[in-house]
Amino acid sequence: MNSRHAPELDLPARFMALAMVMLGVVAAISPWAYPLLLQGFYAPKLLTFVHLNTLGVIAAVLIGAGYQLVPVVLQTPLSSVRLGRISFWCYIVGIACFLPGIMRTWHVVLATGASLVFTALVLYIVIIARTLRRARRHDVVSAHIAVALVGLAGGIISGLLLAGSKGNDLLGGMTLRFLSAHAALMLAGWVMIMLNGVAYRLVGMFTLSEDKLWRPGAWAELFFSAAGAWTLALGLLSSAPRELIATGATAIVIGQALFGYQLTRLYRGRRRRGFDIHIPFALVAAGSGLLAALLLAGALWGGRTLASNVWVAVGWLAIAGVALTAIQGFFYKISTFLVWLRRYAPVAGRSQVPKLEELYNRRLGQTGWTLWLAALAGSLGAILIPNQTLATVAGATALAGLGCFLANVAQIAAHVRSTAPLPPRTAGRAKASGIGKEEPVS
């Protein structure tokens with residue numbers, strides 16, 4: 001991973017740190033918050049918990065990772081680091097106002113928070129879009145990024161209208177339609193497409209299998225994913241015939257199936273055959289995306305009513321099954337690289353430095369994945385049955401699984417502050433380790 005074009009590490013690191021703090025809050029309240037999933041997505045406390053996950057964790061990680069990885073992927077410096085830092089302060093203050101505002105229905109606080117978050121996301125879109133425009137070469141990954149930015153733009157506009165309508169009922173009877181379109185654009189139009197595109201590049205680099213990417217299939221995945229997300233969102237917003245909305249959901253199914261096939265192809269063709277902790281997380285995320293799309297399409301074709309708990313199950317699979325799962329897997333790779341770059345790259349070649357996978361506890365990571373998978377399955381079952389006791393147990397299991405992940409994050413971060421002297425590197429040891437270069441390939 002060539003880091004020459006990446007910005008100063010403080011820019012992505014501050015968003016990552018915010019996301020990990022928010023994820024710690026998510027983990028701590030999960031045993032009490034998971035039963036809220038049985039209420040439906042428009043209950044104030046559940047809306048707060050959902051946005052704690054989506055804005056507090058998922059969006060913060062995507063913004064931070066975008067600032068770090070998009071310049072690397074495009075081999076183009078970020079258009080404005082200064083605006084990126086401004087976006088962080090708008091974002092963190094906005095989150096601090098938005099979450100309590102939505103939970104307590106404090107209209108002024110909610111409106112202030114929504115405006116600041118909106119400003120931060122607009123700055124992010126402008127920065128990444130300008131960086132994309134400056135890039136000399138464009139491929140299927142940069143196309144995913146561009147299309148995801150359009151989905152994000154639609155999502156934040158609908159979200160701002162929803163926040164503004166909270167106190168004065170501006171949208172009236174269209175509130176539920178705007179909420180559905182907002183969720184579709186943010187989750188399917190931005191998060192899924194962005195994660196899919198970045199995964200093609202990251203998985204290829206992590207496993208040394210970039211040449212195994214089936215590019216026509218990747219373009220087809222992007223077409224079906226984007227067309228499906230926008231057909232679904234606009235159909236929900238305009239109360240289009242159910243068949244049209246179901247067609248959009250079916251297109252997302254095809255896109256997720258193609259993405260799952262691409263991941264399988266990359267992993268089967270990998271040249272780095274050792275254990276890699278991001279692989280099980282990435283595969284579960286891909287499977288969750290496909291299952292969410294199948295449930296959505298099945299419910300639409302089957303004529304499920306608005307009161308059906310299937311809609312909550314679909315949304316939760318997209319949030320927890322796809323985004324939070326993928327974030328845990330890829331965060332191991334991104335965070336270890338950033339820490340290695342700051343702590344060990346300056347002395348690589350002169351001292352004996354660890355490999356990236358030695359910066360975290362492998363067994364703890366495997367345990368965390370197992371617990372998280374159990375929590376995901378339990379919460380999905382609790383929504384579909386429904387069963388409050390099962391939801392509480394799933395929340396407690398999620399607390400344990402996320403606790404394992406956060407403990408590993410803390411161990412990785414501890415390397416940055418470590419002042420322990422590093423032993424001199426011998427020529428034989430340097431050759432055997434394979435990471436004595438200025439920039440590691442991982």
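Any read-out appearing in this document is the output of simple, stated calculations on the displayed coordinates, not a laboratory observation. Note that the structure is a prediction, hence the values are computed from the model and not measured. In this analysis, Cβ positions are derived from the backbone assuming ideal geometry, glycine residues included, and neighbour counts consider all displayed protein chains.
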| Lysine pairs in the chain with alpha-carbon atoms under 17 Å apart, 8 or more places apart or on different chains: how many are there? | 4
| note | Between the modelled labels at Arg242 and His138 (7 Å from Cα along Cα→Cβ) the distance in nm is 4.0
| query | Once the piece of chain linking Ala407 and Thr264 is laid out straight, how much longer is it, given 0.36 nm per residue of separation minus the C-alpha distance between them? | reply | 48.6 nm
| request: Identify the chymotrypsin sites (Phe, Trp or Tyr not before Pro) of the range 12-57 meeting these criteria: DSSP loop state and at most 12 other C-beta atoms within 10 Å of the C-beta. | output: Tyr42
| said: Using the Cα atoms of the chain, I'd like the radius of gyration and the largest Cα-Cα distance, Dmax, both in angstrom. | reply: 21.3, 72
| task | Mind giving me the FRET efficiency for Thr175 and Asp10? R0 is 51 Å, r the Cβ-Cβ distance, nearest 0.05 is fine. | result | 0.80
| remark: Placing each pseudo-label 7 Å from Cα in the direction of the beta carbon, Gln388 and Val25 end up separated by a distance in nanometres of 2.5
| How big is the range 138-227 by the Kirkwood estimate over distinct Cα pairs, in Å? | 14.3
| remark: Along principal axes, largest first, the alpha-carbon spread of the range 19-88 in whole Å comes out as 46, 21, 21
| field | Kyte-Doolittle mean at least -0.5 and Cα axial length at least 15 Å: DSSP H helices in the chain | value | 10-33, 60-74, 81-104, 107-134, 140-168, 193-207, 215-238, 242-268, 278-301, 325-343, 362-384, 388-417
| message | Defining a contact as two alpha carbons under 8 Å apart and six or more residues distant in sequence, what relative contact order in percent does the range 135-216 show? | response | 40
| Size of the range 52-91 along its principal axes in angstrom, Cα-based, largest extent first? | 33, 20, 7
| message | Rounded to two decimals, what is the ratio between the C-alpha radius of gyration of the range 58-114 and 2.2 N^0.38 Å? | response | 1.42
| remark: Filtering trypsin sites (Lys or Arg not before Pro) in the range 7-104 by DSSP loop and by at most 16 other Cβ atoms within 10 Å leaves none
| message | Based on alpha-carbon centroids, what's the gap between the range 14-43 and the range 185-223 in Å, whole number please? | response | 27
| remark: In whole percent, the Cα-Cα distances of the range 297-362 spread across 10 Å bins from 0 upward as 18, 28, 18, 14, 13, 7, 2
| Say a site is exposed when it is one of the GluC sites (Glu not before Pro), sits in a DSSP loop, and has at most 13 other Cβ atoms within 10 Å; what is then the longest site-free stretch of the chain? | 9-437
| task | Hand me the trypsin sites (Lys or Arg not before Pro) from the range 263-357 located in a DSSP loop with no more than 16 other Cβ atoms within 10 Å, in residue order please. | result | Arg271, Arg272, Arg273, Arg304, Arg350, Lys355
| query | What is the log10 of I(q)/I(0) for the range 345-422, computed with the Debye formula using one identical point scatterer on each Cα and no solvent, at q = 0.11, 0.16, 0.18, 0.27 Å⁻¹? | reply | -0.44, -0.67, -0.75, -1.14
| field | Euclidean distance of C-alpha centroids, the range 313-338 and the range 65-99, integer Å | value | 19
| message | Can you show me the helix-derived [θ] at 222 nm for the chain, built from DSSP H runs with n ≥ 4 at -39,500 (n - 2.57) apiece and divided by the number of residues, rounded to the nearest 500. | response | -24500 deg cm²/dmol
